[in-house]
Amino acid sequence: MNMLEIGILSIAISLDSLAVMIYKGAMLPKINFPKLVGISLLFGGWQASVLFMGNNLRNLKILAQGYLHPVVEILAVIIFCGLGILMLVKALRRRNIFERREDHLKPKEVVLLAIVTSVDALLAGIATAFLKIDLSGAFVPIISVNVLSVILGTYIGHHLGYEQKANAQLLSGIILIVVGIDVLFEYIIL
């Protein structure tokens, strides 16, 4: 994976945060920008940390170098495509929710949302470890993309409403499936 592909992967992972913040932004009567910057840094730092945690699992890198090398490459494709399909299902399900006004974002809820949205980042980190991809040079871009996604998602939700969440999930699913197919061709078929 080159830097462009890593950038695309970080966008796909950050779109889950964008979708969550669209939902939260739709409920806010007013956006407190300094607090939003802090929230976005929390999300971005946590997503990047979890991605790197998954990428640096020592035992996975040992598996990727041994006789299981072809198997772990197939697992990487399954992880990326599985995450993509999960995001597509979330987007197409379009559950109706009861929107209620929240005067501000609660710190406990923000931390919980950051943790929940990072599950796909952990899996993506594991998949990149299977492919022996070093993400150490991508820390700043991954945080930056996630910070922008959180801020953008909050403003989109605030101005355009909750309905845009499904579009973000749909785009994320498509990108993750494309990354999975790219991995299939780049690492397995060719």
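Read-outs throughout are calculated quantities, based only on the coordinates presented, and are distinct from any laboratory measurement. Note that this is a predicted model, so its numbers are computed, not measured. Here the Cβ is made from the backbone with ideal geometry for all residues, glycine too, and neighbour counts use every protein chain on show.
Odds and ends about this structure:
- Net charge contributed by nearby residues that have their C-beta within less than 9 Å of residue 5 (K/R +1, D/E -1): -2
- When the Gaussian network model of the chain links Cα atoms closer than 10 Å, the mean-square fluctuations of 139, 43, 130 top out at 139.
- Gaussian network model of the chain, Cα within-10 Å springs - most flexible of 89, 77, 147: 89
- For residue 24, the lysines whose Cα falls under 16 Å of its own Cα, not counting residues fewer than eight places away in the same chain, are 35, 106, 108, 165.
- Rounded to two decimals, the Cα-based Rg/Rh of the chain, with Kirkwood Rh, is 1.01.
- Most mobile of 141, 107, 70 in a GNM of the chain (Cα contacts under 10 Å): 107
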